[in-house]
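Student: Please read through the structure below; I'll follow up with questions.
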Amino acid sequence: MGFAEARIEGESQMLELDHLAVAGESLEAAVAHVEDALGVKMLPGGQHARYGTHNQLLGLGDGLYLEAIATDPSVGSLPHARWFDLDRFEGSPRLGNWICRSDDLEADVASIPLDVGLPVALTRGDLRWRMAVPDSGVLPYGDCFPALMQWDVSPTPASLLAGSGCTLLRLEVAHPDAGDLQAAVPLIDPRIVYVEGTTALRASFDTPHGKRVLQ
């Protein structure tokens, strides 16, 4: 299971890092932000009908990928909040969320004493998965807590995407209450580092052009 380790008997499994999400006011802006930072081209993605968003993707190897995501301008207002707090997004594109996969999403959601949302069944093309999405669209700790998901299909995007030559070296999760945040996340992964500071995510990658940073 990669970096994941089993929790004590009677609890759910530890989560695993699945992918990172860069948001923008437009998909074009989010894609340009990733491509400028990493020096590689992103691949086509698709649309998420329930949340009125669309994306493009980048394979990172080691079971990971990166997505650029934004509100789809062809979709009107929705009766519920968009995920990843995209209804309120403004400003320059940025690394806004990290997403962890679970082998038992319902159990993991129940075991975390925070409002991480309830599982929602989602599809994109042949892909099927469930993700816990808060009613507000905002995850705990100012979106620094990871979104939780479970794939209901195999293979997943990480194994389908062509390699980009980029691999994740480090994900820095900054928050004023970094210690409390770290204690609340059921994940063991040496690439994830929690630091006290202004709320933000910052990722370092090994790329065909050397070490690059995305934030």
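The values are calculated or read from the model by the stated rules, or taken from the named source; none is laboratory data. Worth saying up front: this structure is predicted, and the values here are computed from it rather than measured. Here the Cβ is made from the backbone with ideal geometry for all residues, glycine too, and neighbour counts use every protein chain on show.
Conditions tested, residue by residue: (1) of a type in the set (S, T, N, Q); (2) closer than 24 Å to Ser102 by Cα; (3) within 16 Å of the chain's Cα centre (by Cα).
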{"position": "His175", "(1), (2), (3)": "no, yes, no"}
{"position": "Leu187", "(1), (2), (3)": "no, yes, yes"}
{"position": "Val193", "(1), (2), (3)": "no, yes, yes"}
{"position": "Thr198", "(1), (2), (3)": "yes, no, no"}
{"position": "Thr207", "(1), (2), (3)": "yes, no, no"}
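Student: Moving to a separate point now. Please verify whether Thr207 is touching a helix residue (DSSP H, G or I) at 6+ places or on another chain (Cβ under 6 Å), β-branched (Val, Ile, Thr) and either at pLDDT below 95 or closer than 17 Å to Leu60 by Cβ (or both), treating the condition exactly as stated.
Tutor: For Thr207, the condition - touching a helix residue (DSSP H, G or I) at 6+ places or on another chain (Cβ under 6 Å), β-branched (Val, Ile, Thr) and either at pLDDT below 95 or closer than 17 Å to Leu60 by Cβ (or both) - is met.
Student: Here's something else I'd like to know. Taking the condition of being under 21 Å from Phe84 (Cβ atoms), in a loop (DSSP other than H, G, I, E, B) and touching a residue at least 60 places away in the same chain (Cβ under 8 Å), how many residues in the stretch 192-215 meet it?
Tutor: The number of residues fulfilling the criteria is 1.
Student: Pull up the stretch 161-179, narrow it to residues that are surrounded by fewer than 14 Cβ atoms within 10 Å (Cβ to Cβ) and in contact (Cβ under 8 Å) with a residue 60 or more places away in the chain, then point me to the one that is farthest from Leu201 (Cα to Cα).
Tutor: Per the criteria, the residue is Ala162.
Student: Going by the conditions given, is Val22 under 18 Å from Ala200 (Cβ atoms) and in contact with a helix residue (DSSP H, G or I) (Cβ under 6 Å, 6 or more places away or on another chain)?
Tutor: So Val22 fits the description; yes.
Student: Tell me which of these Arg191 doesn't satisfy, since it passes every other one: (1) surrounded by fewer than 15 Cβ atoms within 10 Å (Cβ to Cβ); (2) among the charged types (D, E, K, R); (3) closer than 15 Å to Leu66 by Cβ.
Tutor: Unmet condition: (1).
Student: Confirm whether Asp36 is without any contact (Cβ under 8 Å) to a residue 40 or more places away in the chain and either assigned to a helix (DSSP H, G or I) or among the basic types (Lys, Arg) (or both).
Tutor: Yes; evaluated as a whole, the condition is true for this residue.
Student: Let me ask something else about it. Scan Gly137, Gly63 and give me the residue that is at pLDDT below 95, more than 17 Å from Glu28 (Cβ to Cβ) and within 14 Å of the chain's Cα centre (by Cα).
Tutor: None of the others qualify; the one that does is Gly63.
Student: Is one or more of the residues making up the stretch 45-59 touching a His at 6+ places or on another chain (Cβ under 6 Å) and buried (at least 22 other Cβ atoms within 10 Å of the Cβ)?
Tutor: no
Student: Residue check: is Ala178 at pLDDT below 95 and among the small types (Gly, Ala, Ser)?
Tutor: no
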